[in-house]
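The values are calculated or read from the model by the stated rules, or taken from the named source; none is laboratory data. Source: prediction; values computed, not measured. Cβ coordinates were reconstructed from backbone atoms using ideal geometry, including for glycine residues, and neighbour counts include every protein chain displayed. Heads up: the accessible areas ignore ligands, DNA and RNA and are worked out on the full protein's heavy atoms, side chains in. Shrake-Rupley method; radii C 1.70, N 1.55, O 1.52, S 1.80 Å.
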Amino acid sequence: FLDLMIEEKLGDKVGFYPGQTTEYTSSCGNISGVCLGGKEFSIAALETSLELTNRGLPDSSFPAAKNLPCGALRRKTFTITPSGGIVACWNHVAEPDEYIGHLLEAKTQKMELKRKEWMDFDPFSLECRDCLVLPMCMGACPYLYIHQNRLACIGWKHHTAEYVLNYYMLKMRERQSE
């Protein structure tokens, strides 16, 4: 794929990054044996980042500070199901019990409580609060923490020095091409 991006001069038009697949819901249980774990995935993502940099392609894996880790925590971001249900996280599109609202029905107390559950997510109250990369991930996937009590740490946590070195190499290459 990277060869094609270079050949077709798509580097400034198409971004590429490896997305971590995980079993978010019970319907994904059949993929659990083929998913890379956090540290395994972080190595694969780092290798991809290095390859993108070496080939002169843009690398979106360099995170920036953020105030929220996910759209599910934004007050005006949500997913609407085909039936009109409103969910904070797209992992809940097939779960009416997780609706935080509905386009055609009055909001219930249960829906309000579900929304509050998302709005109460606070990475500073997790074990993340002392993590060096917290400003870049802000606790990562709130779904995994809220529903499975597990964290989805970003690759930078496991390979910070390597990512910083790669970022340095990228910036030096950009400076030389100016």
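Quick notes on this one:
- In this label model, GLU105 and MET119 are separated by 2.1 nm, measuring between points 7 Å along each Cα→Cβ vector.
- When Rg and the Kirkwood radius Rh are both evaluated on Cα atoms of the chain, their ratio Rg/Rh stands at 1.03.
- Average accessible surface area per residue within the chain, 1.4 Å rolling probe, Å²: 63 Å²
- Applying 1/(1 + (r/R0)^6) with r as the Cβ-Cβ distance of ILE6 and LEU144 and R0 = 41 angstrom yields a FRET efficiency of 0.70.
- Which listed pairs, of LYS13/LYS116; LYS39/LYS171; LYS9/LYS76, have C-alpha distances above 31 Å, in listed order: LYS13/LYS116; LYS9/LYS76
- The equivalent ellipsoid that matches the C-alpha gyration tensor of region 47-137 spans semi-axes of 34, 19, 9 angstrom, in descending order.
- Considering only alpha-carbon pairs that sit under 8 angstrom and 6 or more positions apart, the relative contact order computed for the chain is 22 percent.
- Qualifying aspartates and glutamates (Cα of each under 13 Å from Cα of LYS110; at least 8 residues distant if same chain): ASP97, GLU98
- The GLU127 and SER177 beta-carbon pair, evaluated with R₀ = 45 Å, returns a calculated FRET efficiency of approximately 0.60.
- Taking the Cα atoms of region 61-109, the ratio Rg/Rh between the radius of gyration and the Kirkwood radius comes to 1.09.
- Across every direction, the projection of the convex hull enclosing the Cα atoms of region 107-150 has a mean area of 3.4 nm².
- For region 55-120, the share of accessible area belonging to carbon and sulfur comes to 56 percent (1.4 Å probe, ligands and nucleic acids excluded).
- Calculated [θ] (222 nm, deg cm²/dmol) that DSSP helices of n ≥ 4 give over the chain, each run adding -39,500 (n - 2.57): -11000 deg cm²/dmol
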